[in-house]
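Take a look at the structure below.
The values are calculated or read from the model by the stated rules, or taken from the named source; none is laboratory data. Computed from a predicted model, the values in this text were never measured in an experiment. Positions of Cβ are generated from backbone atoms using ideal geometry, with glycine treated the same way; all protein chains shown enter the neighbour counts. Quick note on the areas: whole protein, heavy atoms, side chains included, nothing else; ligands and nucleic acids left out. Shrake-Rupley method; radii C 1.70, N 1.55, O 1.52, S 1.80 Å.
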Amino acid sequence: MRKNVIAANWKMNTLPKEGVEIANKINHYLADKELPVNKKIVLGVPYTHLIKVVDTVDYTKIAVAAQNCSQFESGAYTGEVSAAMIKSCGAQYVIIGHSERRQYFGDTDEVISQKLSQAYKNALFPIFCCGETLRQREENVHFKVVENQLVSAFIRVDRFNFERTIIAYEPVWAIGTGVTATPEQAQEMHIFIRNVIAKIYGHDVADQTSILYGGSVNGANAKSLFECDDIDGGLVGGASLKPDEFIKIIESI
Ligand code: 13P
């Protein structure tokens with residue numbers, strides 16, 4: 001089922017106690033609300049917060065995500081955290097291929113593809129990020145860039161696993177900059193992404209895929225983005241650290 005998803009990405013922010021406070025506020029807000037079955041709230045938290053946040057929230061309303069996982073299963077990889085470890089903390093989702101990982105931590109398309117397979121093997125739902133840099137948009141290669149990211153990630157993924165995947169389009173130039181893509185720019189890319197998915201898996205699967213927009217989403221601009229036909233929610237960075245703002249975003253869908 002195509003779901004509306006509002007996902008937080010706290011990145012490397014908050015100590016566990018502060019994270020639990022944010023999670024508590026969102027949990028409290030949702031406590032007396034009926035969430036439709038096709039609406040999901042996901043909190044993407046640092047590894048050190050996973051167990052505490054899982055214990056804090058009502059799992060029927062809020063799922064928890066890690067922000068990365070190792071491309072390896074287990075073994076001598078000092079400092080790495082495996083998909084199985086994440087799953088054992090009670091998290092259900094994992095963000096894979098975020099542009100900050102691609103930019104600062106050497107997450108190449110090949111590494112990202114390996115991370116996706118670890119996520120599938122361990123029954124996690126990946127939130128796969130794609131998106132172009134400002135330069136690539138200026139050079140008018142943004143569609144090609146996003147297509148290549150999608151094809152290299154999913155070409156070896158079967159339909160069953162792909163159906164567990166959420167896509168997040170995050171133009172790098174909109175992340176943390178306060179410059180949001182316009183609804184038209186985002187919608188144009190989201191349709192394009194859906195068409196790429198249709199070419200790989202067929203229209204039925206593409207229609208059911210949730211495609212989130214990420215990049216300076218806030219309480220003021222969320223509604224106009226989410227109103228677009230092919231924008232099924234948001235992956236929210238900065239604004240997800242402010243519970244009141246994040247709640248406004250939840251209310252916008
Ligand atoms: P901002 O919402 O802070 O722009 O971050 C977006 C993001 O990178 C979410 O993954």
(message) Restricting to region 84-106, name every residue that is within 16 Å of the ligand (Cβ to nearest atom) and closer than 11 Å to residue 118 by Cα.
(response) 94, 96
(request) Would you please list the contacts, defined by Cβ atoms under 7 Å and residues six or more apart or on different chains, that run from a residue in region 174-187 that is within 13 Å of the ligand (Cβ to nearest atom) to a residue that is polar (S, T, N, Q) and open to solvent by less than 60 Å² (accessible area, probe 1.4 Å)? (result) 174/180; 174/216; 175/99; 177/216; 178/216; 179/216; 180/216; 180/221
(request) Counting only residues that are over 18 Å from residue 148 (Cα atoms), give me the strands (runs of 3 or more DSSP E) lying completely in region 161-253 with at least 1 of them. (result) 211-214, 233-236
(request) For residue 95, work out the one condition from (1) aliphatic (A, V, I, L, M); (2) out of contact with any helix residue (DSSP H, G or I) (no Cβ under 8 Å at 6 or more places or on another chain); (3) surrounded by fewer than 22 Cβ atoms within 10 Å (Cβ to Cβ) it doesn't fulfil. (result) (3)
(request) Give just the number: which of (1) without any contact (Cβ under 8 Å) to a residue 40 or more places away in the chain; (2) assigned to a helix (DSSP H, G or I); (3) over 20 Å from residue 27 (Cα atoms); (4) open to solvent by 60 Å² or more (accessible area, probe 1.4 Å) does residue 103 not satisfy? (result) (1)
(request) Need at least 1 residues that are more than 16 Å from the ligand (Cβ to nearest atom), among the hydrophobic types (A, V, I, L, M, F, W, C) and within 18 Å of the chain's Cα centre (by Cα) per element, so show me which strands (runs of 3 or more DSSP E) inside region 2-83 make the cut, counting only ones lying wholly within it. (result) 62-66
(message) Can you list residue pairs whose Cβ atoms sit under 7 Å apart, with the first residue in region 219-242 being under 15 Å from residue 4 (Cβ atoms) and the second being away from the ligand (no atom under 13 Å from the Cβ) and among the hydroxyl-bearing types (Ser, Thr, Tyr)? Count only pairs 6 or more apart in sequence or on different chains.
(response) 222/252; 223/252; 226/252; 232/210; 233/210
(message) Looking at region 227-253 only, could you name the residues that are among the hydrophobic types (A, V, I, L, M, F, W, C) and open to solvent by 20 Å² or more (accessible area, probe 1.4 Å)?
(response) 228, 241, 247, 253
(message) Can you tell me which residue is most open to solvent (accessible area, probe 1.4 Å) among those in region 211-226 that are within 15 Å of the ligand (Cβ to nearest atom) and over 16 Å from residue 175 (Cβ atoms)?
(response) 220
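The rows are residues; the columns are (1) open to solvent by 60 Å² or more (accessible area, probe 1.4 Å); (2) within 16 Å of the ligand (Cβ to nearest atom); (3) modelled with pLDDT under 95; (4) in contact with a helix residue (DSSP H, G or I) (Cβ under 7 Å, 6 or more places away or on another chain).
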| position | (1), (2), (3), (4) |
| --- | --- |
| 110 | yes, no, no, no |
| 115 | no, yes, no, no |
| 122 | no, no, no, yes |
| 136 | no, no, no, yes |
